[in-house]
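Colleague: For reference, the structure I am asking about is given below.
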Amino acid sequence: MNKLAHFSLLFTFSLICGAILIASGSFLYLSPSLPAVSTLKEVNFQIPLRIYSSDGKLISEFGEKRRIPLTYEGIPKPLINAILAAEDDQFFEHSGVSVKGLARASIQLIRTGSIQSGGSTITMQVAKNFFLTKERSFIRKFNEILLALKIEEALSKEEIITLYINKIYLGQRSYGFGAAAKVYYDKNLDELNLAQFATLAALPKAPSSANPVRNPSKSLARRNWILGRMNQLGFITQKEFQAAKDKSQTAKHHSLKTELSAKHAAEMVREEMVSRYGEAAYRDGFVVTTTIQSHLQRSANIAVRNGLLAYDKRHGYRGPLANIPLTGESPNEEVDLNKFPSSRQIEPARVIALLEDEAKLIRANNDVISIHLEGLLWAQPFVNVNKRGAKPETPSDTLKLGDIVHISKNETENTWQLSQLPETQSALVSLDNKNGAILAIVGGFNFSLSKYNRATQAQRQAGSNIKPFIYAAALNKGYTPATIINDAPVVFDDPNLERAWRPENSGGRFFGPTRLRKALYKSRNLVSVRILESIGISYAINYATRFGFSKEQLPRDLSLALGSAGVTPLQMAKAYAILSNGGYQIEPYLIQTISNTNNEAIYEAEPLTVCIECESLENDNTLKKATPDESLALNNAQSQTEPSESPDAAEVSPKLNPAPRVMDARVNYIINSILQDVIKRGTGYRARKMNRQDIAGKTGTTNDLNDAWFSGYSPEIATSVWVGFDTPRTLGRREFGSRAALPIWMDYMRVALESRPEITRQQPEGLVTLRIDPETGEAARPGDKTAIFETFRIENAPLPLDEGDKSSASQVEDNDETLQLF
């Protein structure tokens, strides 16, 4: 017996020594190759790119992993207790390794030849998740043990569990418990109850099989087991355990909830961020604040949507998406309505009953709704773009049993109506005139149905939207608003055109001698062509480049006068913003700031910004060096208002990037007054309903009515709207810019301007306002009752008809209708 005991003792001692030798050898062999755990003190989690509006509304998020990093202080204590109960109740006592857990893993290794359960502590899981692969092997397990011991030496327990809580994968693309709370409950972590904490704590071990969305019964069982363990460990009372156990399972998948729909803007930002930072844009936690203003973006979305739906209804009902005959008692078992296209507020439904004055339809969620005849009256059958069939008198005139159609709800009247997704598209761009900030941008009817951004990518013919820049070039070359141009038939043998060209006015009429001002606000094509021919195509193109158009996109023939050039709505908005801001160059921009995960700004936009004070200061300094003749010319080109005193440059703004002037202030003032007449008495007359005196703009319609435009502005905001088909074809009879595009512009600008007071533009020096004969454009004779007032650059003002009548030369008018000579 003594010999047996002696042998056993010796054998045990030998095993221990052997284990120590093996462990020591393994440590000496593996330790040099282990990563430095000190990197955990400065770990950077993969955090998605987040994009916000200028007022802090979440627009979008890009990245594979949804994660919301937490500090230890921000982690609710019940969650920590639930995790300890589920994973490692001795976490705060052990030194990184659980002997009991390792013994269990060792027995499994001896019995099966492989490790079935890891026996891992939270610290070991941190080691595995940050440094190791998912391979199940002895070497990896030993590395895990060694790393856990090193982590325990380097970090506090609080730091370790915080890393675990932020890193662990919990299913449904959620990494970390902060993101999981949003994914499964759409709540912040500190808003969850005990049962919900326990549900989340079950996920690290089995993010798929114990997932409350995919396997609610197994998730519930695992949750209740964790609650029981919390009770056994003294983390909760019996009463709390029972109350939590009795709660039903409320988890479901919640997609990312954005606060503002601006998907085309989000995609523009994503492309820019990837261009700057590569794939790191998706994982380094960048936060981008855009220039988008949420209330303006919402208004733009609604305006474009309503404008396209209104156009669509004007041209009739194109018929059902499909017809699947009714055969069973459960209509939606025969067809999956979710497979059909839908849009916000427009969804597919199936006709299941037709009555005398209403139709019954079933939605994808199995709700049955009624559409009364009033909701069908618009649906005259589409015959062609210019013709519709008869108005329906009963639902069966429009619908058949089994039809799959689109429906929408009138929220105001709480009624349903037949609808359809428009085939036409639209784009809207709105800019801050002083610096080019994009306030709102819409690139199409629905981003999910078409990601093509028509606001920035669609090069569409500009039509008459281009005319203000041709006319401004003429004014810059010496024409006046009173210059008479003949509106009469003409044939051009332009070598740049394939054949002789006979331009016409809309409607085919001709109006004879016409003043330049009236020709622009009435959008007379022949006058525009004659003006371009007179000033020269090269001169006009060079002048147009001041507004952001490139020479390459402007045709070098007379069709330029009628807008044959292809431009994007963003380009057009920029050009009109320059007209609006007094003639200063600005560049559209969307990204205001970029911040890192530490909330430190790593980029801040410094846009070209209109600064009248800066120009005044620069002119003052230039005048000191100029000759008398040069000083006079500079004074004539000064900005529209003069400050009471010249500030120092430092007083203006240390970060300001002054926008250069690209347009004579006096030409700008005159062209602006003509574009105001477009609304007061021209093709944009519908906008008079807005009851504002400070808005201006221009309609645009291309050949065959393929494109409809309206671009316009107030003194602070410029907005361009385009409507058309992606593959150019006619919009139909009478679908001019004033009908298809202007109502969208008006709906948006009403909201954009509702809190902004009207602004009266200050008339710059070097202008004179005279009474003229509207038929000849010459100065009016004294007592002429048909005379009208017109504004001229002083060097281009017409001479009085009677040189001896001094009073004729001094009949001028300022903004208050008092007579004054400038």
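Colleague: Please work out how much accessible surface SER564 shows to a 1.4 Å probe, ignoring ligands, DNA and RNA, in Å² rounded to 10.
Modeller: The accessible area of SER564 comes to roughly 40 Å².
Colleague: Right, next: Hey, how many Å between the Cα centroid of region 464-535 and the Cα centroid of region 241-257?
Modeller: 70
Colleague: Roughly how big is region 474-611's charge dipole about its Cα centre, with Cβ charges of +1 (Lys, Arg) and -1 (Asp, Glu), in debye to the nearest 20?
Modeller: 800
Colleague: So if I take the centroid of the Cα atoms in region 412-462 and the same for region 162-185, what is the distance between those two points in Å?
Modeller: 36
Colleague: So, by mean Cβ neighbours within 10 angstrom, what's the order for 678-684, 316-322 with the highest one leading?
Modeller: 678-684, 316-322
Colleague: What is the gain in length, in nm to one decimal, between ARG344 and PHE789 on full extension, counting 0.36 nm per residue of separation less the C-alpha to C-alpha distance?
Modeller: My answer for the length gained is 155.1 nm.
Colleague: In addition: Return a whole-number percent for the relative contact order of region 517-577, with Cα pairs under 8 Å and 6 or more residues apart as the contact set.
Modeller: Details: 40 pairs, mean separation 19.8, N = 61.
Across region 517-577, relative contact order equals 32 percent.
Colleague: Let me spell out the model: positive unit charges on the Cβ of Lys and Arg, negative unit charges on the Cβ of Asp and Glu, origin at the Cα centre of region 304-420. What dipole size does that give, in debye rounded to 20?
Modeller: My answer is approximately 680 debye.
Colleague: Once you have the Cα-Cα distance between ALA500 and GLU259, take 0.36 nm times their residue separation minus that, and quote the gain in nm to one decimal.
Modeller: Details: separation 241, 0.36 × 241 = 86.76 nm, distance 5.58 nm.
Full-extension gain reported as 81.2 nm.
Colleague: I've got another one for you. Calculate the dipole size of region 165-299 relative to its Cα centre from +1 charges on Lys and Arg beta carbons and -1 charges on Asp and Glu beta carbons; express the result in debye to the nearest 20.
Modeller: Charge dipole of region 165-299: 620 debye, to the nearest 20.
Colleague: Taking the Cβ-Cβ separation of GLU758 and TYR685 as r and a Förster radius of 25 Å, what is the calculated FRET efficiency to the nearest 0.05?
Modeller: 0.85
Colleague: Something else now. From the square roots a ≥ b ≥ c of the eigenvalues of the alpha-carbon gyration tensor of region 468-550, which class results: rounded (a/c under 1.5), prolate (a/b over b/c), or oblate?
Modeller: Oblate, since a/c reaches 1.5 and b/c is not below a/b.
Colleague: What distance in nm separates the two pseudo spin-label positions at GLU240 and LYS157, each 7 Å out from Cα along the beta-carbon direction?
Modeller: Each label point is offset 7 Å from its Cα along the Cβ direction, giving 1.7 nm.
Colleague: Tell me which trypsin sites (Lys or Arg not before Pro) from region 492-589 have a DSSP coil assignment and no more than 11 other beta carbons within 10 Å of their own.
Modeller: ARG499, ARG509
Colleague: Work out how much length ALA322 to GLU604 would gain on full extension: take 0.36 nm times their residue separation and subtract the Cα-Cα distance, in nm to one decimal.
Modeller: 96.4 nm
Colleague: Output the relative contact order of region 147-209, whole-number percent, from Cα pairs under 8 angstrom with separation of 6+ residues.
Modeller: Rounded, it is 24 percent for region 147-209.
Colleague: Something else about it: Using label points projected 7 Å from each Cα along Cα→Cβ, tell me how many nm separate ASN215 and ASP190, to one decimal.
Modeller: Rounded to a tenth, the inter-label distance reads 3.4 nm.
Colleague: Report the FRET efficiency, 1/(1 + (r/R0)^6), for GLU413 and LYS205, where r is their Cβ-Cβ distance and R0 is 45 Å, rounded to 0.05.
Modeller: Step by step, r from the Cβ atoms, then E = 0.30.
Colleague: Take the Cβ-Cβ distance between SER448 and ASP367 as r, set R0 to 30 Å, and report the resulting FRET efficiency rounded to the nearest 0.05.
Modeller: For R0 = 30 Å, the calculated efficiency reads 0.85.
Colleague: For region 196-279, which GluC sites (Glu not before Pro) pass both filters: DSSP loop (anything but H, G, I, E, B) and at most 13 other C-beta atoms within 10 Å?
Modeller: In loop regions of region 196-279 (DSSP not H, G, I, E or B), the sparsely surrounded GluC sites (Glu not before Pro) are GLU259.
Colleague: Relative contact order for region 254-412: what percent, with Cα pairs under 8 Å and sequence separation of 6 or more? List each step's numbers first, then the result.
Modeller: On the way: 197 pairs, mean separation 37.8, N = 159.
It comes to 24 percent, rounded to a whole number.
The values are calculated or read from the model by the stated rules, or taken from the named source; none is laboratory data. The shown structure was predicted, so the numbers you read here are calculated from the model rather than taken from an experiment. Using ideal geometry, Cβ is built from the backbone for each residue, glycine included, and neighbour counts are taken over all protein chains shown. Ligands, DNA and RNA are excluded from the accessible area calculation, which covers all protein heavy atoms including side chains. Shrake-Rupley method; radii C 1.70, N 1.55, O 1.52, S 1.80 Å.
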